[in-house]
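J.: Got a structure here, written out as structure tokens. Questions coming.
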């Protein structure tokens, strides 16, 4: 990942804000430098409590800036020139406080002044406690920044330093590097189109009742975001979920399996397709126009299978994606069922997971999967869903590396 020989002259201005995740900025600098980027760092006062300017300078090979009132810094390279000299500003970690400054236009230190004075593209990697990330003020600030063109990577989900679990973890340094690469068109999936499905479908019985599967859509949304971070053009077809659209992803919202099938067909051609949605298996032939009354007794429902999206789009033909990937969510004989499903559906890979209630996977923040392909089976450990997504995206990129884009 990274390392494009054409990016040697590209300059990243890295703004490090206060928070325990600031230590990961050191690894990010190392990865950026290895990939050929020139890196200059600006630290907030709070950031210096977590990482030292000396450590940052040793890794960037550049002078580190942190004092707005330094006469020497302002004379040598003032805050205006710092922003103008960069091709991309990366804020990692971006604390809740700093996001609020960015959204409201506050400029009370060097870092926030640079952000207010720049017209250079900005990529933010949030990191904070889950309650802070979900607070209405932060939600509004992020929405404001997105509307102004600020790009985001993460946050991820999982256990944090405060021992709470949920969204708010800083995206891992390789994911941030991938987002930087993608911005410059240097990601390993640049020029590729990938189709992803996510969430459940709702098959109506009457205007207020429906048949559905249990799915939060989190894994599919994470996969779509991870693929976009590697430079892919991603179309995400999602059933009804309460999730924000991943950055840089074209999202098509649908309700039923038939609508999802039609949206997938309309999205073709694609280099790869990841079918992570939990499509309901049956639909009612003739849903009632009015609400069925309980007093009338249990209705007789005539059910037929919903469209088999995975099998249909894995079938040989000119519109078949080069790589098709299905999911097998099972509660018993998981591995055997997954192997049979791959053969039955005709897809290239099957991602198998155990969704018994006691695993906490269905709707949870973590997942444990096994990948079945023509070569056999690959077992992965329990990982946050964001990490599963990043691994799967990297595997897709490797599989497509020596093929021509569609």
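J.: According to a simple spin-label model (label point 7 Å from Cα along Cα-to-Cβ), what is the distance in nm between residue 84 and residue 301?
T.: Calculated label separation equals 6.6 nm.
J.: Based on Cα positions only, what radius of gyration and what Dmax would you give for region 8-58, in angstroms?
T.: Gyration radius and largest Cα-Cα distance of region 8-58: 10.6, 31 Å.
J.: Based on alpha-carbon centroids, what's the gap between region 339-377 and region 87-120 in Å, whole number please?
T.: 41
J.: Okay, next question. State, as an integer percentage, the relative contact order of region 193-400 based on alpha-carbon contacts under 8 Å between residues 6 or more apart.
T.: Averaging sequence separation for qualifying contacts and normalising by length gives 21 percent for region 193-400.
J.: So, by mean Cβ neighbours within 10 angstrom, what's the order for 118-127, 217-226 with the highest one leading?
T.: Descending mean neighbour count gives 217-226, 118-127.
J.: Ok, one more. Rg and Dmax of region 193-400 over Cα atoms: what are they, in angstrom?
T.: Cα only, region 193-400: 17.1, 58 Å (Rg, Dmax).
J.: For the chain, take the longest principal axis of its alpha carbons; what is the angle in degrees between that and the long axis of helix 385-400, to the nearest 10 within 0 to 90?
T.: 90
J.: Using 0.36 nm per residue, how much length does the chain from residue 136 to residue 11 gain when fully extended, once their Cα-Cα distance is taken away?
T.: So the extension gain works out to 41.6 nm.
J.: Right, something else. Which value in deg cm²/dmol, rounded to the nearest 500, describes the helix-derived mean residue ellipticity at 222 nm for the chain, given -39,500 (n - 2.57) per DSSP H run of n ≥ 4 and division by the residue count?
T.: Calculated at 222 nm, the ellipticity per residue is -9500 deg cm²/dmol.
J.: Normalising by the residue count of the chain, find the relative contact order in percent from Cα pairs under 8 Å and 6+ residues apart.
T.: Normalised by residue count, the contact order of the chain is 12 percent.
J.: Also, I was wondering about something else. Please check: in the Gaussian network model of the chain (C-alpha springs, under 10 Å), which one of 33, 146, 322 has the largest mean-square fluctuation.
T.: 146
J.: Can you give the alpha-carbon Rg of region 342-390 over 2.2 N^0.38 Å, where N counts its residues?
T.: This ratio for region 342-390 stands at 1.21.
J.: Using alpha carbons only, how many degrees (0 to 90, rounded to 10) separate the axis of helix 218-229 from the longest principal axis of the chain?
T.: Result, in degrees: 50.
J.: Assign one of three labels to region 156-281, namely rounded, prolate or oblate, based on the Cα gyration tensor with a ≥ b ≥ c the square roots of its eigenvalues; rounded applies when a/c is under 1.5, prolate when it is not and a/b is larger than b/c, and oblate otherwise.
T.: Verdict is oblate for region 156-281.
J.: Return one number: the angle in degrees, 0 to 90 and rounded to the nearest 10, between the long axis of the Cα atoms of helix 334-345 and the longest principal axis of the Cα atoms of the chain.
T.: 80
J.: Would you mind listing how long region 5-183 runs along its three principal axes, going by Cα atoms, in whole Å with the largest first?
T.: That gives 42, 34, 31 Å along the principal axes, largest extent first.
J.: While we're on this one: What number, in percent, do you get for the relative contact order of region 114-209 if the mean sequence gap of Cα pairs under 8 Å and at least 6 apart is divided by its residue count?
T.: Dividing the mean separation by the residue count of region 114-209 yields 26 percent.
J.: Here is a follow-up. So for the chain: antiparallel DSSP bridges make up what percent, rounded to the nearest 5?
T.: 30
Rule-based calculations on the coordinates, nothing more; no lab input. Predicted model, so just to flag it, every value in this text is computed and none were measured. Here the Cβ is made from the backbone with ideal geometry for all residues, glycine too, and neighbour counts use every protein chain on show.
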